[in-house]
Every structure is written in C-alpha cells, then in structure tokens.
Amino acid sequence: MGLCSRTRRAWVVLAFLGLSGAAACRPVGPAPAGPSLGAGPAPTVTQIVEMLARRDRKLGAFRAEAKLDYRSSTQRFRSSQVIAVLAPSSIRIDVMNPFGVSYTVATDGQRLAAFDRRKKVYYEGRATAENIRHYTGVPLSPTELAAVVRGLPPLLGADRAGKVENSDGVWLWRRRLPRGGSLELWLERANWDPVRMRVTDSPYGQNLDATFSDYREVNGIRVARRMTVAFADGSKLDLSYENVWRKVDLMPEAFRIQRPPQATVIDMDGQGAGG
C-alpha cells in the first residue's frame, strides 16, 4: 500500500531542496576580526560545541531557495525547491515546477506528512528517523535533518568528549558517538567553518560523508551555500542555495500539512490507507 521504496525515496529527496525567503546572501570578504587560529592552539571541544550552538541559534528561523541534484545507481534527477526550518526540528520543503508547487513535505518534529499535488496522494506518519530513512533514504531524525539543510553538522548526541587535532591545515575533531560509531568533523581554521563531517560504523544506519562549502554572510552569520552528502548505499545529494534568509517569520502551522479533501491517504507507519 503506497509507493514502492524507490519511488517514495525519489519524491521526498525531490523535496529535499528549496523554499523562498527574506534576506539575501552576500559573498564573504576577508575573515572578520575575532579568533583566528592560523598558527595558534587547536580549539577545545567545548569551544567547537558552543560555536555550533551559536550558529544554530542564529539560523533558528531559516528559509532558502535551492537547487537539488540527486543521483543513485538507478536514477538521477534535479529540482528547484524551497526549504524552511524552524529550529530545532521543524522542516518544510516545497518542490517547485514551472506552474508552482508540485510536492510538499513537512514535519513539526513529531509528525511527518507529504502531499503529492499531481496525484492527489497524502502521506502521514510519525517523524521518526526510520520513517525519514524509509521515505527519503536519509537516516536522520528531524533535528539532525534540520541541521544538515542549514549547513550545520548534526552532532548526533553531542557531548564534549573526543580530541581536536591539526589535519592538513584544518582542525579535526574526532569522537565516539553515544549510541555507537564515530564522528569526524573538519573545521576551517580562521573562522571555524565546518567543511566536512563523516559518520562511520553507526549501528543505526547513520553513516554519511558530508561537505559544506561556498560560505556567504547572511545578516552577520556565515552560512554554507552548498552541501554535498554521500550515503552508505552509494547515493549522493548535492544541495546548493541561490538565496538564503534568516530571522524570517515562520509559524508552527507552516510545518503541518492539513489532509486535503478527496486525497488518497497513505499511512507511513504501515497501518493501511484510506480515502
């Protein structure tokens, strides 16, 4: 009941990019005054966690217009999308076509829903990492997904353990994850911009290798405008932002999709479908 796994994955990954917003990016000039670590000591783990928390707060209400390029061993597609995030775990993705919105996917952190306007099919279920994995191929919780689309590394149960070392001109933080597996996070030295994150040996299927690049300043905060994520199954997602806004007005209702009348309903949790 519902779409085959491949098709389900396609439509949500299609929805994995895009939403219009309210204050444009501008190119980042020379590094601003502040902590420059060029030849100094490595940052502490506490400093890294606090830096990421500050960026998370400043990007707490986030909107972007984006281009998506997705490829796997069986398919490839591109789309234009609009993404909105209300931290910590609310996400809305509108997939655009020349005539408007074709798909919408949204979660308030508790429930996950999607509406295929062309086929008039409505999907709903719990916003679990398993449902997100099953319907998108991305084995992340809403909080972790909301981080990645804002160009932030999901810390997957961040603690202040591990060690930071110099690695080919960047800082590298290595640590074990609380639920198993390991995380490596590479930071650019001057501004501590995350440039790469890798999760390996996760027993929960979270293995991925993500890069963050093309940083621009948005109202005083540096934001990655391109994210490339490679997953354990060989698929790859390339997300690039054309415009980014922060401090936008986003209401919680925007992250809940009302069930449209006369739509076919498919239960993501496997409890059957109704009309």
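To the nearest Å, what is the center-to-center distance of region 69-108 and region 203-253, using C-alpha atoms only?
For region 69-108 versus region 203-253, the Cα centre distance is 12 Å.
Testing the spin-label approximation: label points 7 Å from Cα along Cα→Cβ at Arg259 and Arg179. State their distance in nm.
Those two pseudo-labels are separated by 2.9 nm.
Please say if region 127-250 is rounded, prolate or oblate, where rounded means a/c under 1.5 for a ≥ b ≥ c the square roots of the C-alpha gyration tensor eigenvalues, and otherwise the choice is prolate for a/b larger than b/c and oblate otherwise? Working shown, then result.
On the way: a/c = 1.65, a/b = 1.09, b/c = 1.52.
Note, shape of region 127-250 comes out oblate.
Sticking with the crude label model, points 7 Å out along Cα→Cβ, report the distance from Thr46 to Arg76 in nm, one decimal please.
According to this spin-label approximation, the distance is 4.9 nm.
If I model a spin label as a point 7 Å beyond the Cα along the Cα-Cβ vector, how far apart are those points for Asp249 and Arg126 in nm?
If labels sit at Asp249 and Arg126, their model points lie 3.6 nm apart.
Read-outs throughout are calculated quantities, based only on the coordinates presented, and are distinct from any laboratory measurement. Small disclaimer: the values here were computed from a predicted structure and weren't measured. Cβ: placed from backbone, ideal geometry, glycine included. Neighbour counts: every protein chain shown.
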